[in-house]
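One structure below.
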Amino acid sequence: MKTVLNVALPKGRLGEKVYDMFEKAGFPCPSIKEQNRKLIFENEEKCVRYFWVKPSDVAIYVERGAADIGVAGKDILLEYEPEVYELLDLDIGKCRMAVAAKRDFRENTERPLRVATKFSNITKAYYAAKGRDIDIIHLNGSIEIAPILSLSDVIVDIVETGTTLKENDLEVKEEIVPISARLIANKSSFKFKGDLMEKVIASLKTQTAEGK
Ligand code: PRP
């Protein structure tokens, strides 16, 4: 029986770029470009099956072996620390994790800093390392609203172009860590489908800075 490689792709713009890299790497699946709502696509001849999943769920599919490999943002890997192998920095989906606040924000060091974020673990680790007490306000999206409505003093969030901050009169105060998309693998698939995976990794690598 042929070994099939199951690949979890992050749905959306990043996922399309990722698919193009896999296509160039010799793992095409033309049906994926059809306009429909299907979520699973297979190219039997090339031994590959793609799934579109929510970007923040890719690591769950890979960790539990529903996918052999996938592409997840470093933000998700730092936040949830899934038990997966991180194989390659794909050099796409580049942004940074940062602390942002209103332009005129002045910190009151006499009391805990109120921080709104989707990334509670990254935030806790960052401020713990600085020895700063914080009060975390966990939100699921539209984080930029929090300081505007005085729900928080600052936010910890992803900044890509900076447009969302700018249009909401906020600015970056501190940079925490650069982020980019990473190729990840299930630990046992890496052993059992090693040959096929090595092929994928090697051809994807030639498309990244590391391989050039
Ligand atoms: C992300 C992030 C920022 C925005 C940054 O939001 O949380 O809001 O993108 O991008 P920019 O610097 O290019 O403006 P996303 O679109 O994922 O939505 P959500 O966090 O509000 O769910």
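Where helices (runs of 4 or more DSSP H) fall wholly inside segment 156-212, the ranges with 1 or more residues that are in contact (Cβ under 8 Å) with a residue 60 or more places away in the chain and within 16 Å of the ligand (Cβ to nearest atom) are 163-167.
Can D104 be described as more than 10 Å from the ligand (Cβ to nearest atom), outside any helix (DSSP H, G or I) and surrounded by fewer than 12 Cβ atoms within 10 Å (Cβ to Cβ)? Yes: the conditions hold for D104.
Against the test of being part of a loop (DSSP other than H, G, I, E, B), under 22 Å from G73 (Cα atoms) and touching a residue at least 24 places away in the same chain (Cβ under 8 Å), the options F27, F22 yield a single qualifying residue, F27. In segment 94-121, the residues that are over 29 Å from A72 (Cβ atoms) and free of Cβ contacts under 8 Å to residues at least 40 places away in the same chain form Cβ pairs under 6 Å with partners that are more than 16 Å from the ligand (Cβ to nearest atom) and assigned to a loop (DSSP other than H, G, I, E, B), at six or more places apart or across chains, as follows: P112/D133.
Report whether or not P82 is touching a residue at least 40 places away in the same chain (Cβ under 8 Å), over 24 Å from V172 (Cα atoms) and crowded, with 16+ Cβ neighbours inside 10 Å. Yes, satisfied. Across segment 141-153, the number of residues qualifying as away from the ligand (no atom under 14 Å from the Cβ), among the hydrophobic types (A, V, I, L, M, F, W, C) and either within 20 Å of D57 (Cβ to Cβ) or surrounded by 12 or more Cβ atoms within 10 Å (Cβ to Cβ) (or both) comes to 1. Give me the residue from segment 117-138 that is surrounded by 13 or more Cβ atoms within 10 Å (Cβ to Cβ) and farther than 24 Å from S180 by Cβ and, out of that set, nearest to the ligand (Cβ to nearest atom). Out of the qualifying residues, it is I137.
Against the test of being surrounded by 14 or more Cβ atoms within 10 Å (Cβ to Cβ), in contact with a helix residue (DSSP H, G or I) (Cβ under 7 Å, 6 or more places away or on another chain) and closer than 30 Å to K199 by Cβ, the options D89, D57 yield a single qualifying residue, D89.
Could you check, for segment 130-140, whether at least one of its residues is within 24 Å of I92 (Cα to Cα) and touching a residue at least 12 places away in the same chain (Cβ under 8 Å)? Yes, segment 130-140 contains at least one residue that is within 24 Å of I92 (Cα to Cα) and touching a residue at least 12 places away in the same chain (Cβ under 8 Å). Evaluating K74 against the criteria (1) away from the ligand (no atom under 15 Å from the Cβ); (2) under 27 Å from D20 (Cβ atoms); (3) not acidic (D, E) leaves one unmet condition, (1). If you take the residues of segment 161-197 that are surrounded by 12 or more Cβ atoms within 10 Å (Cβ to Cβ) and acidic (D, E), which of them is nearest to the chain's Cα centre (by Cα)? Going through the qualifying residues, I end up with E174.
Every read-out reported here was derived from the displayed coordinates using simple, explicitly stated rules and does not represent laboratory data. This one's a predicted model, so the numbers in the text were calculated from it and none came from an experiment. Cβ coordinates were reconstructed from backbone atoms using ideal geometry, including for glycine residues, and neighbour counts include every protein chain displayed.
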